[in-house]
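The values are calculated or read from the model by the stated rules, or taken from the named source; none is laboratory data. Please read all numbers here as calculations on a predicted model, not as lab measurements. Please note: Cβ atoms are built from the backbone with ideal geometry, for glycine as well, and neighbour counts cover all protein chains shown. Note: areas computed on protein heavy atoms with side chains; ligands, DNA, RNA excluded. Shrake-Rupley method; radii C 1.70, N 1.55, O 1.52, S 1.80 Å.
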Amino acid sequence: VINEIADNYSYSVVRDFVGHGVGKAFHSAPHILHYRNNQPGSMQVGQTFTIEPMLVQGSTKCETWKDEWTIVTKDGGLAAQYEHTLLITPQGVEILTQL
């Protein structure tokens with residue numbers, strides 16, 4: 001769905017960074033791909049994970065600055081990233097970061 005929305009507005013989705021599980025280990029499984037793919041998988045009750053796509057104008061190729069935190073596109077194009085954390089419950093999905 002994320003890739004479809006990006007396509008509608010002529011943006012691209014960065015593939016180098018994905019959503020991830022939230023737990024004892026930083027950036028743990030499951031890994032959440034934000035781009036169009038055929039990877040199998042399903043979410044299980046009790047899993048907590050992020051959805052944090054990076055949408056860009058231009059190249060999806062990225063580089064990391066020397067501060068080892070800042071990420072930019074190699075062509076210097078505009079980019080936007082936003083993150084939500086979700087919890088799968090027996091009743092459905094709870095957005096933990098919703099305002």
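The set of residues in segment 73-92 being open to solvent by 90 Å² or more (accessible area, probe 1.4 Å) and touching a Cys at 6+ places or on another chain (Cβ under 7 Å) consists of K74 alone. Selection of segment 66-99 for residues being among the acidic types (D, E) and farther than 19 Å from L55 by Cβ yields D67, E68, E94.
Might you check whether a residue that is modelled with pLDDT under 95, assigned to a loop (DSSP other than H, G, I, E, B), under 19 Å from T89 (Cα atoms) and of a type in the set (S, T, N, Q) occurs anywhere in segment 23-45? Looking through segment 23-45, at least one residue is modelled with pLDDT under 95, assigned to a loop (DSSP other than H, G, I, E, B), under 19 Å from T89 (Cα atoms) and of a type in the set (S, T, N, Q). Kindly provide the set of residues from segment 54-72 that are more than 20 Å from N3 (Cα to Cα) and not in a strand (DSSP E or B), ordered by number. Listed by number, the residues that qualify are W65, K66, D67, E68, W69, T70. Among the residues here, N3 does not qualify as in a loop (DSSP other than H, G, I, E, B) and free of Cβ contacts under 8 Å to residues at least 40 places away in the same chain. Residues of segment 41-72 that are within 25 Å of G21 (Cβ to Cβ) and either of a type in the set (D, E, K, R) or touching a Cys at 6+ places or on another chain (Cβ under 6 Å) (or both): E52, E68, I71. Residues of segment 60-72 that are open to solvent by less than 70 Å² (accessible area, probe 1.4 Å) and without any contact (Cβ under 8 Å) to a residue 40 or more places away in the chain: T70, V72. Could you please let me know if D75 is more than 16 Å from the chain's Cα centre (by Cα), farther than 24 Å from T97 by Cβ, touching a residue at least 12 places away in the same chain (Cβ under 8 Å) and not in a strand (DSSP E or B)? In short, yes.
Inspect all residues belonging to segment 46-53 and state whether any of them is in contact with a His (Cβ under 9 Å, 6 or more places away or on another chain), part of a loop (DSSP other than H, G, I, E, B) and surrounded by 14 or more Cβ atoms within 10 Å (Cβ to Cβ). Scanning segment 46-53 turns up at least one residue that is in contact with a His (Cβ under 9 Å, 6 or more places away or on another chain), part of a loop (DSSP other than H, G, I, E, B) and surrounded by 14 or more Cβ atoms within 10 Å (Cβ to Cβ). Residues that are surrounded by fewer than 17 Cβ atoms within 10 Å (Cβ to Cβ) and under 15 Å from A79 (Cβ atoms) within segment 3-35 comprise Y9, S10, R15, D16, F17, Y35, listed in sequence order.
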